[in-house]
Structures are given as C-alpha cells and as structure tokens.
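A quick write-up on the structure given underneath.
The values are calculated or read from the model by the stated rules, or taken from the named source; none is laboratory data. Note that this is a predicted model, so its numbers are computed, not measured. With ideal geometry, Cβ positions are generated from the backbone for all residues, glycine too; neighbour counts draw on all protein chains shown.
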Amino acid sequence: MSSHIQKMRIEGVYEQRQPDTYMLRAKVPGGVLSAEQALKVCEIAERFAGGGIHLTSRASIELHWLKVEDLAEVMRMLAAVGLTTRGACGGAVRGVVCSTPFADDFPTAQVLARKLHHHFTHNPHFENLPKKFKLGVEAGYDGSRHLIQDVGLVYAGNDGEGACYDVWVAGGLGREPQPAFSLERRVPEGHIVPLIEGIIRIYRRHTPAGKRLKHLLREIGSAEFIRRLEEEVDRDAVLPLPDGFDKRLTPLVGSGRPERIEAHLFAGELEAGRLRRLCNIAAQFAGGFMVLTCDQNVAFLLDERVNIGEAEAALAAAGLDGTEQATRVNFRVCPGSHECRMGLCPTRDVSRSVIEALGPQGETLTWAISGCPNSCSQPQLAQAGIIISKTVGEPGGERTPRFDLYRREGGEAFATAVHQGLTLDELLQAVAKIG
Ligand code: SF4
C-alpha cells in the first residue's frame with residue numbers, strides 16, 4: 001500500500017480488495033442522522049458510489065467503489081451537512097456508538113455520545129494512537145455492547161446534580177476477544193472526559209503500535225492499570241459539558257412516550273432510492289431524524305402527535321418492514337470478500353444461504369457473520385455467530401472457506417465455538433438443526 005493511502009486512513013479511507021477502488025467511512029455519533037444529512041449521502045452515493053450505501057455494525061456509513069480523485073469532493077459534500085470521516089479508520093477515537101436507541105434513556109446517552117465525538121475527533125492529542133480506540137455510550141445494558149469498547153459508558157441514573165455512568169474498560173473482539181472490565185460505577189458526567197483522556201494517554205504511552213488497549217490490560221493486569229490511572233488522572237478534576245438547552249435531536253422516548261419503528265435492511269445494504277424514502281419517513285413522522293442501529297437497521301423514534309399506523313404503512317410501502325425473508329432474521333453481516341481486502345468469502349451470499357436453511361427456531365435468534373477472524377460484525381455478541389476462520393486448498397489452486405459456528409447462552413459474556421472448520425454444506429446442515 002502506498003504511504004499516501006496509508007496516511008488517508010485517518011481520513012476514513014480504506015483500500016478495497018478491487019484495485020484502485022476505495023471505501024470511505026463517515027462517523028454518525030450515537031447513530032443519529034438528520035434527513036438532510038441522509039439526502040446528501042444519497043446524492044454522493046449516486047454520483048460516486050454506484051448508488052449504494054453500507055451501514056456498519058457501529059452505526060457508521062460506508063461508501064464503496066470510490067475513485068481516489070473523488071475522495072476530496074465526497075468529503076467536502078459530507079462536511080457541508082456536518083458529517084466527518086476524520087478518525088473513522090486508523091489509530092484514532094472512532095465513531096462514538098449508542099446501540100440502545102429503543103431504551104428509555106437514549107435521549108440522555110445520544111447527547112453525551114455527540115459531545116464525546118466533538119471532543120475527541122480531529123484533536124491531535126487523541127490521534128496517532130497505537131490502533132483504533134472505540135467509545136460507546138449506552139442507555140442500558142441490553143445487547144452487552146459495553147463489553148466490546150475500549151471505554152464503554154452505561155447510563156446509571158441521575159444523582160440529582162446530573163447524569164452518572166458506569167465505566168467499562170479495555171474490551172474488544174477480533175482474534176483475541178476480551179470482555180471489558182468494570183472500572184468504576186456511577187461516575188458523574190463531569191468526570192468522564194478527564195477519565196477517558198487519562199485512559200487514552202496511558203494507552204498511547206504504554207502500548208506497542210498495532211495493539212488495542214486490551215493488549216496492555218493482558219500485559220499489566222487491571223490492578224496495575226488502575227494504579228497508573230490514579231497517577232495519571234486528577235480524580236477531583238471536573239470538565240463539565242453544560243447545556244444551555246436540551247440537546248437531544250430525536251423525539252423523546254420513555255415510558256408512555258411515542259412509539260418506535262424500525263426499517264429492516266439486509267446486511268446493512270441500502271440504495272439511495274430507499275434511503276430517500278426513509279428521509280421522508282423521518283421528516284413526516286420522526287422530527288426529521290433517524291437512528292442508525294448497531295444491527296445495521298434504521299430506527300425512528302416517532303413524534304407523539306403522529307399516527308403510528310401511518311408510519312408503519314410508509315415503512316411497508318418502502319419494502320422495509322421486515323416481512324421479506326432476507327430481512328426477517330436479525331443478521332449482522334460484514335462486507336467480507338465482496339469488498340473487504342481481509343475477507344475470506346462472500347458473506348452476503350453465505351448469510352442468504354444460512355437464512356434459507358434456518359428452521360422456525362433458528363429464525364428467532366440474532367445472527368452475525370464475519371468474513372475473517374477480525375469479527376467486525378460482532379459474531380460473539382449474537383445468539384448464533386459465524387466466523388470464516390481460514391481457507392484451505394493446494395498452493396496456487398482454488399481455496400475454499402472454513403466456518404466456525406458460535407452460540408451464546410444466557411449469562412455468557414461472549415459466544416463460544418460449538419463447531420470449527422465446517423465446509424459450507426456442513427455449516428448449512430448445522431444451522432438447519434438449530435431448534
Ligand atoms: S470481519 Fe474481516 S472481512 Fe469482515 S469487514 Fe472486518 S476485516 Fe473485513
């Protein structure tokens with residue numbers, strides 16, 4: 001890879017496996033996207049990306065099939081609607097996720113997610129890190145995604161003076177999955193920024209290039225990590241992020257509050273035409289905003305004055321109400337060898353075959369498939385996960401993929417492998433038996 005392209009990583013650019021073809025990833029803090037922003041994404045997709053848009057399992061937007069000469073213009077167009085790609089790839093604080101849009105306290109979590117995004121993005125103190133650094137702000141513990149962040153914050157109520165968060169540190173999946181450990185409970189929001197800054201400084205200073213924070217944890221243990229953190233961070237330091245007014249963007253959710261509906265996509269794939277229809281639904285029913293979910297779908301928190309039946313009918317008319325077989329199953333899918341240089345097999349094709357093979361019980365599970373052991377689609381957090389672990393074949397000959405099947409039972413942090421090294425036929429037989 002040329003050093004020029006390597007430098008473009010920090011701008012959110014990756015080379016695709018197809019020569020002279022690039023992917024650009026845009027951050028969407030908390031997954032909250034305005035209809036105006038989405039319309040601009042449609043325009044970019046049609047002009048430069050063959051009309052396709054990919055939603056990731058971290059609620060970011062990826063545009064594939066770009067040419068190098070188009071990248072600067074695409075970034076300018078995104079900037080015109082307040083979207084940035086800075087730090088979406090490379091050794092930086094990545095897009096701040098909030099995977100709990102249907103939880104009552106999502107309005108609180110989405111605001112902190114956006115504040116942290118602004119604080120850590122394009123800030124030289126938090127770039128040039130050994131590897132990616134992932135932040136998540138959750139409105140509750142559903143989905144367990146706090147376990148896979150470098151810093152995962154879970155809303156823990158209001159102590160009378162402001163919001164408090166449980167802080168989880170040094171989690172990650174990839175080839176060496178490690179659940180985050182609980183650093184501290186009920187940390188007031190004013191202490192969150194100094195704490196994360198201290199964690200990043202320790203990460204940068206003590207971790208070899210190419211390694212995540214979880215690597216440092218394995219090296220030194222949590223007691224030594226906490227000792228270094230106490231030296232590093234003045235625990236009395238408060239960096240408040242005060243608000244002059246309510247900064248949430250979506251309509252309020254919460255008990256007795258408006259309904260929520262969800263557009264179900266296959267593998268996070270969306271064409272500009274369908275995204276335009278979702279923009280209309282956002283404008284008409286959801287205060288002008290949609291929420292990209294970490295299951296690669298699109299959620300709408302409906303304005304309390306709207307008629308939910310009309311909103312559901314609009315979703316059905318767009319063909320996104322989850323009644324098609326491919327979208328009936330909750331299935332996270334990474335790009336695999338369709339576009340990704342690391343991909344060992346075409347994940348979308350395999351997931352379609354798996355969905356066709358599933359029985360009624362298998363269809364009720366949450367699924368995820370990753371095209372290599374990097375585990376971008378978080379298969380260890382699904383009830384049933386598939387990882388393409390390797391390919392086999394004679395040197396110079398055709399290589400065929402081998403699949404590991406994971407299951408996650410209640411109480412386990414991560415799913416564990418129940419079958420390893422399956423051929424595609426063996427995989428389809430195994431998933432058909434799930435009942
Ligand atoms: S899991 Fe592997 S194949 Fe899939 S997107 Fe990540 S790096 Fe690419």
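Residue 430 meets the conditions (1) touching a Leu at 6+ places or on another chain (Cβ under 9 Å); (2) outside any helix (DSSP H, G or I); (3) of a type in the set (Gly, Ala, Ser) in every case but one. The failed one is (2). Here residue 200 clears all of (1) in a strand (DSSP E or B); (2) surrounded by 14 or more Cβ atoms within 10 Å (Cβ to Cβ) except the condition numbered (1). Counting only helices (runs of 4 or more DSSP H) wholly contained in the range 292-391, no element carries 3 or more residues that are within 18 Å of the chain's Cα centre (by Cα), touching a residue at least 60 places away in the same chain (Cβ under 8 Å) and surrounded by 16 or more Cβ atoms within 10 Å (Cβ to Cβ).
Kindly provide the set of residues from the range 397-408 that are in contact (Cβ under 8 Å) with a residue 12 or more places away in the chain, more than 13 Å from residue 431 (Cβ to Cβ) and more than 14 Å from the ligand (Cβ to nearest atom), ordered by number. Within the range 397-408, 400, 402, 408 qualify.
This table checks each residue for (1) surrounded by fewer than 21 Cβ atoms within 10 Å (Cβ to Cβ); (2) of a type outside the set (S, T, N, Q); (3) over 15 Å from the mean Cα position of the chain (by Cα).
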residue	(1), (2), (3)
56	no, no, no
74	no, yes, yes
84	yes, no, yes
95	no, yes, no
127	yes, yes, yes
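So which residues in the range 247-258 are charged (D, E, K, R) and either part of a helix (DSSP H, G or I) or surrounded by fewer than 17 Cβ atoms within 10 Å (Cβ to Cβ) (or both)?
Hits for the range 247-258 are 247, 257.
Could you please let me know if residue 394 is away from the ligand (no atom under 15 Å from the Cβ), under 19 Å from residue 17 (Cβ atoms) and surrounded by fewer than 13 Cβ atoms within 10 Å (Cβ to Cβ)? For residue 394, the condition - away from the ligand (no atom under 15 Å from the Cβ), under 19 Å from residue 17 (Cβ atoms) and surrounded by fewer than 13 Cβ atoms within 10 Å (Cβ to Cβ) - is not met.
Of 402, 408, all but one fail to be within 14 Å of residue 347 (Cα to Cα) and surrounded by 14 or more Cβ atoms within 10 Å (Cβ to Cβ); the exception is 402. Selection within the range 406-434: residues that are within 12 Å of residue 380 (Cα to Cα) and among the basic types (Lys, Arg). The member of this set that is modelled with the highest pLDDT is 407.
Residues considered: 341, 328, 305, 348. Of these, the only one that is at pLDDT below 95 and closer than 24 Å to residue 401 by Cβ is 341. Would you check if there is a residue in the range 268-277 being under 30 Å from residue 167 (Cβ atoms), part of a loop (DSSP other than H, G, I, E, B) and modelled with pLDDT of 95 or more? Yes, some residue in the range 268-277 is under 30 Å from residue 167 (Cβ atoms), part of a loop (DSSP other than H, G, I, E, B) and modelled with pLDDT of 95 or more. Restricting to the range 357-374, count the residues that are of a type in the set (A, V, I, L, M) and within 16 Å of the ligand (Cβ to nearest atom). Residues flagged as of a type in the set (A, V, I, L, M) and within 16 Å of the ligand (Cβ to nearest atom) within the range 357-374 amount to 2. The condition of being of a type in the set (A, V, I, L, M) and more than 16 Å from the ligand (Cβ to nearest atom) holds for only one of 333, 350, 354, 298, that being 298. I need the full set of residues from the range 392-418 which are assigned to a strand (DSSP E or B), farther than 20 Å from residue 352 by Cβ and touching a Phe, Trp or Tyr at 6+ places or on another chain (Cβ under 9 Å), in order please. Within the range 392-418, 416, 417, 418 qualify.
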